[in-house]
Amino acid sequence: MSDSMNEAQEMELCFDRLWPLPRSITGEGVRRTHDILSEIIPLTRHEYPTGKKVLDWEIPKEWVVSDAYVVGPGGQRMLDVHDNNLHLVGYSIPFRGGVSLKQLEEHLYSMPERPGAIPYVTSYYKPAWGFCLSHDQRKSLPDGDYEVVVDTKLIDGSLTLSDLVIRGETDEEVLFHTYTCHPSLANNELSGPIVTAFLARRLMALPQRRLTYRFVFVPETIGAVAYLDTHGGHFRKHLLAGYICSCVGDGGVCHYKASRRGNTPADRVAEYVLDRRFGRNYRRRDFSPLGSDERQYCSIGFDLPVGVITRTMFGEYPEYHTSDDNKSLMDFEAMSEMVDILCEFCETHERNRVFINTKPLGEPRLSRYIDYKTIGTIVPDEVTLAAKWCVHYCDGRHDLLDIAERSGVALGVLDEVSELLAKSGLLALPQKREDR
Amino acid sequence: MSDSMNEAQEMELCFDRLWPLPRSITGEGVRRTHDILSEIIPLTRHEYPTGKKVLDWEIPKEWVVSDAYVVGPGGQRMLDVHDNNLHLVGYSIPFRGGVSLKQLEEHLYSMPERPGAIPYVTSYYKPAWGFCLSHDQRKSLPDGDYEVVVDTKLIDGSLTLSDLVIRGETDEEVLFHTYTCHPSLANNELSGPIVTAFLARRLMALPQRRLTYRFVFVPETIGAVAYLDTHGGHFRKHLLAGYICSCVGDGGVCHYKASRRGNTPADRVAEYVLDRRFGRNYRRRDFSPLGSDERQYCSIGFDLPVGVITRTMFGEYPEYHTSDDNKSLMDFEAMSEMVDILCEFCETHERNRVFINTKPLGEPRLSRYIDYKTIGTIVPDEVTLAAKWCVHYCDGRHDLLDIAERSGVALGVLDEVSELLAKSGLLALPQKREDR
Amino acid sequence: MSDSMNEAQEMELCFDRLWPLPRSITGEGVRRTHDILSEIIPLTRHEYPTGKKVLDWEIPKEWVVSDAYVVGPGGQRMLDVHDNNLHLVGYSIPFRGGVSLKQLEEHLYSMPERPGAIPYVTSYYKPAWGFCLSHDQRKSLPDGDYEVVVDTKLIDGSLTLSDLVIRGETDEEVLFHTYTCHPSLANNELSGPIVTAFLARRLMALPQRRLTYRFVFVPETIGAVAYLDTHGGHFRKHLLAGYICSCVGDGGVCHYKASRRGNTPADRVAEYVLDRRFGRNYRRRDFSPLGSDERQYCSIGFDLPVGVITRTMFGEYPEYHTSDDNKSLMDFEAMSEMVDILCEFCETHERNRVFINTKPLGEPRLSRYIDYKTIGTIVPDEVTLAAKWCVHYCDGRHDLLDIAERSGVALGVLDEVSELLAKSGLLALPQKREDR
């Protein structure tokens, strides 16, 4: 990619390459998607073989689509998967034969309430075949005999996902998780993988990081289940915060859906950043079991600190899960701004440390530890102010974000001052990570 | 009772038979009251002998009233207990003799602020005799010599109470508790025992019940103390929720007075039902130590989940504890509606179970456990919705009522769906009852 | 002091004697201040020697001021410490010599925003000398040669503080803490030591006290640190509540700044008294690490129940820390009213006991324990009401103040009734002090 392009332009280029690929929860379209994302960041590929048990699930067969179309009474070819991936119901089983219009109708999906759009339909776990089309087209289908070709295979193959871990000074991790299973849908979901990849590229470019960052690109649900099957124990030990990144492609109002616990570092950091950036112009949602892969991360047995970041919330824009969710909805400048926002999440996590005051009895003599104005003034400068709040609240139970909110002192100032105080020995890191 | 009568008419008939009986905390009037209630439901009689220690109290002597009246200067008989039970101060000791009006006045009770009504006065524990009369009558008493006859006895007898236990599938109990000690007072208190008896009759008629139900008919205070003396340990182990049922005879606004802890299943179920039925047209009261037998159940050492259900609250209607609390206040249709309400309390308790998700790691593959629509739709049907909320919140700390309030899904749907999920093994009952 | 004077007049007399003394954190001015306060109450003097380690600090050298002034180009003597203690920067090191105006300027402190006032400046821990003057005077200084005389010494001496303990029936202590280090400043801070001394005199005059009271007069910061170094363990064991008493000399609105924990008995009592006395006309502040010696008491390692009582808050009136904080700001009647308020704090602590109901199973038969109206009435009298609330809430987790707030019964009535119930054996003191 050219140095002369800005990030938004690079994102658009990436979008245009990913758009036509026939994605599903498995298959070559997914692998080619991961190939393209790997040009941006060094992803590691993981293949989970068909039949492998993962938590309460099993990795399904891999779906191979060679061809799929319908020939109408007049001999015209229609509903061709090569014209639009959405025409074929995802995971359609093979079929070939002549059917009447009436018989065909039982296999057709359209939306009377949005008659010009092709809906997005899948049947991953119930064997079936079907075609999707606009309601307008459906109404114009003539009576007569149709020939159906669904040239697909369900083979013993594997489910593909990939991840990237950028190691920092500590094992504490911040996770970004997104989807690679949606075919020819733009906001939901090419925006998530593109924003996540460009975020990872920015974080890799930083000279150093305190925290470790993990980026996970999976097919929705089964991919998250598979990843948690192998990484759940690791997350329980190391995950500080995680974000599902989905529907981040338009220029709408930001939404943050909280984790099941609702007050984890993930939630507090997201709300701190969004509140400072947008004030009342962002929306917070409580956790609910309807949604995306937060359902997996926040399941009772894991209950991890993972929330969801979106622009306009999934399911809440009329083009959702239809062929109208296409490039015309996308705002690449807004996607680049979303990378800024997520960088700020990361920066806030970097700064949000927990310290212990090593001189807890009485106020320490601050001039021993910090350049402290000692000829009497009434109003303390910002450094002194930050130091004083750290002295009285660094008891291991308040992180710097708590102190920022309580004191009104900017987190950045608290971070710098606490770093100075840690160097001079007044603050120390707690022996063990507090349960947060 | 005739099959052609509706419940309200049956209640009125029952009321008319109970009304004239000379009730007190002990005695034959009480026993005849229990006899009549036993015609509705199969009560078990318990007699606590005079002198028995019960908690910090002692069962008093039994009070026998043969005759009580005053003869005025003109020879006219007045204040005859046979005219109105309220004329004689409850537990009056025997007395016979001539007194001046001035001497008599020291034994008379009337209400200047409600001059037409006879007040209800007792002296259970301080030996005394007295008569109650309307203030109008009192002002008309001529000067002169009066003859007083209080032909009563305090004998070694017993205190009478009765109960009924309707066993269900589990030992967890819901209690309804009411009074049988008030003579010739209608709302406070013939409404309580009548509503409670008809509620019990309805519950007995059900083909099955998950919970066990206990109905207790006692004289106020000493009866509750006696019952807790023998059943306190049982309640500590098994009582899920209890309700004192008093002043439920008029058509006024429902009041619920919470238990001392304030957020027990008793309180949550009552508020859920009353809120759905009446919205803002019911009143909640915090616990206070002024009131009725909730004082006994919620005493510090028991602290049981017992609240109070009333229509117009006791002490808050002008006829309370006077001869004006008579049949004219009663609304038998409203009493039958109160039985409906209490049945709904019971139904809500039946439904409000606690389950544990047996597949807590990740979201389980729901189609394994429930008939689940698997060809992609955006909006889940009600069954799927209920199942998803159960999956994410059945962690042993949330009962179905919590989940109903959090999700907006009706408790009945959650109950049915959780039953299905329990049959298919996805949900299980917790090993031990959580402390609620 | 004359018997014919009222308290406000006595306070004014005391103020006039204390005003001219050259106070600082150490030295003879401080000792003479303690001498005068000792005429009111029997203080015990404590001397902490120079160089002694106290918590994270060290007792500084003692500061001796013989003379300090400047001679101007015209030979006129100016900025003489004997004219106003504020002219000399506190803890100025010795200096003698000729300087140009430009050189002198580097040692001058004035306030352009309050040009008529001399600011109060100290340099306790950074060796320096300097003079303070009004900005008006500074602007009029002619160019030329000045002669500076700072005839001071920093010697191995000691830091002086004093305390008074008035023992009560129990070891539980209420603390009042104030300052003796401010030279020629009226509200901040001659008001604190004067109000505190007169409060102590009033409490000594009481025939008996349940609680022990401690009064501490120290130089700010280093004095509190020194006192906590020797008394911190004692406070951890015995301190029920403490109050920093500062800026209580004007007639402004009362402010209460809460302890770090925010809901200790100190906070609850102060807010109860101030709310009843002033309603919404007082202000509550959360704890912050900017302020006075609450910073020491509420440091993480002590975290004691100590708040701050002021009229107009320190730092929030324009004369603060200038020569305008003088007698013209003082309202001696308001200072006497402040003694009333603090006496009410003490009285409330005296009354705010924790009891345990010894008959927790069921409501006890109250007539056994208290003179209880037993012939039926509807509305209980205040004694019965208080007794009933005690019965249901004296479980060791609610103090009488909790019960007062919950019930609306006056604390004084609860105190008297609980005393009666304790005498009759229904209430008892808990075995150990609850952690509050």
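The values are calculated or read from the model by the stated rules, or taken from the named source; none is laboratory data. It should be emphasised that the depicted structure is a prediction, and the values quoted were computed from it without experimental measurement. Every residue, glycine as well, gets a Cβ built from its backbone with ideal geometry; the counts of neighbours run over all protein chains shown. Calculation scope for accessible area: heavy atoms of the full protein, side chains included, ligands and nucleic acids excluded. Shrake-Rupley method; radii C 1.70, N 1.55, O 1.52, S 1.80 Å.
List of remarks:
- On Cα atoms only, tilt of C:382-393 relative to the major axis of chain C in degrees: 80
- 26 Å Cα-Cα reach of C:Lys388 towards lysines, excluding residues that sit fewer than 8 places from it in its own chain: B:Lys52, B:Lys53, B:Lys61, B:Lys126, B:Lys257, C:Lys359, C:Lys373, C:Lys423, C:Lys432
- Mean separation of Cα contacts under 8 Å, 6 or more apart, over the residue count of the range A:354-428: relative contact order %: 48
- Solvent-accessible heavy-atom area per residue, rounded to whole Å², over the range C:354-428 at 1.4 Å: 41
- Between the residues C:Pro318, C:Ser328, C:Met338, the greatest Cα displacement towards the positive end of the dipole of the range C:262-377, with unit charges on the Cβ of Lys, Arg, Asp and Glu, is found for C:Met338.
- Phi angles across the range C:113-124 convert, under the Karplus curve 6.51 cos²θ - 1.76 cosθ + 1.60 with θ = phi - 60°, into 3J(HN,Hα) values of 7, 9, x, x, 10, 8, x, 9, 10, 9, 9, 5 Hz, Gly and Pro given as x.
- Using a probe of 1.4 Å on the protein chains alone, the accessible area found for C:Trp389 is around 20 Å².
- Buried surface between chains B and A: roughly 2300 Å² of accessible area, summed over both sides, computed with a 1.4 Å probe on protein heavy atoms only.
- Charge dipole of the protein assembly as shown (Cα centre as origin; +1 on each Lys and Arg Cβ, -1 on each Asp and Glu Cβ, all else neutral): 2580 debye, rounded to the nearest 20.
- Buried on assembly, the range C:56-81 (at least 20 Å² less accessible surface than by itself, 1.4 Å probe): C:Asp56, C:Trp57, C:Glu58
- Global geometry of the protein assembly as shown, whether rounded, prolate or oblate, following the gyration tensor of its Cα atoms and the 1.5 cut on a/c: oblate
- Unit charges on C-beta of K, R, D, E only; dipole of the range C:218-350, Debye: 580
- Ordered from highest to lowest accessible area with the whole protein assembly present and a 1.4 Å probe, A:Asp67, C:Asp171, A:Asp229 read as C:Asp171, A:Asp229, A:Asp67.
- For the range C:64-155, the solvent-accessible area of protein heavy atoms averages 47 Å² per residue (probe radius 1.4 Å; ligands and nucleic acids excluded).
- Residues in the range C:387-406 that, when all protein chains are in place, have 40 Å² or more less accessible area than the chain alone would give (probe 1.4 Å): C:Lys388, C:Trp389, C:His392, C:Tyr393
- Counting DSSP beta bridges with both ends in the protein assembly as shown, the antiparallel % (nearest 5): 65
- DSSP-defined antiparallel bridges as percent of all bridges, chain C, nearest 5: 65
- With Cα atoms defining each centre, the range A:93-121 and the range A:268-291 are spaced 39 Å apart in the structure.
- Taking a ≥ b ≥ c as the square roots of the eigenvalues of the alpha carbon gyration tensor, the range C:64-155 is oblate, as a/c is not under 1.5 and a/b does not beat b/c.
- Helix A:411-423 vs. chain A, principal-axis angle (Cα, 0 to 90°, nearest 10): 50
- Note on chain C: with charges restricted to the Cβ of Lys and Arg (+1) and Asp and Glu (-1), its dipole about the Cα centre is near 1440 debye.
- Inter-part distance where the range B:161-207 and the range C:148-197 are each reduced to a Cα centre, Å: 70
- Shape call, the range A:354-428: gyration tensor on alpha carbons, a/c limit 1.5: oblate
- Of the residues making up the range A:256-299, those losing 20 Å² or more of accessible area when the isolated chain is joined by the remaining protein chains, with a 1.4 Å probe, are A:Arg260, A:Phe287, A:Pro289, A:Leu290, A:Arg295, A:Gln296, A:Ser299.
- Between helix B:191-204 and chain B there is an angle of about 40 degrees, using the helix long axis and the longest principal axis of the Cα atoms.
- Considering only C:Pro20, C:Pro360, C:Pro183, the Gaussian network model of chain C with Cα springs below 10 Å gives its largest mean-square fluctuation to C:Pro360.
- Among B:Glu172, B:Glu39, B:Glu189, the largest mean-square fluctuation in a Gaussian network model of chain B (Cα springs under 10 Å) belongs to B:Glu39.
- Along the axis of the charge dipole computed for chain B (Cβ charges of +1 for Lys and Arg, -1 for Asp and Glu, origin at the Cα centre), the listed residues B:Val71, B:His135, B:Pro60 are led at the positive end by B:Pro60.
- Within the accessible area of the range C:102-235 (1.4 Å probe), percent carbon and sulfur: 48
- Computed with every protein chain present, the accessible area of A:Arg285 is close to 80 Å² [probe 1.4 Å].
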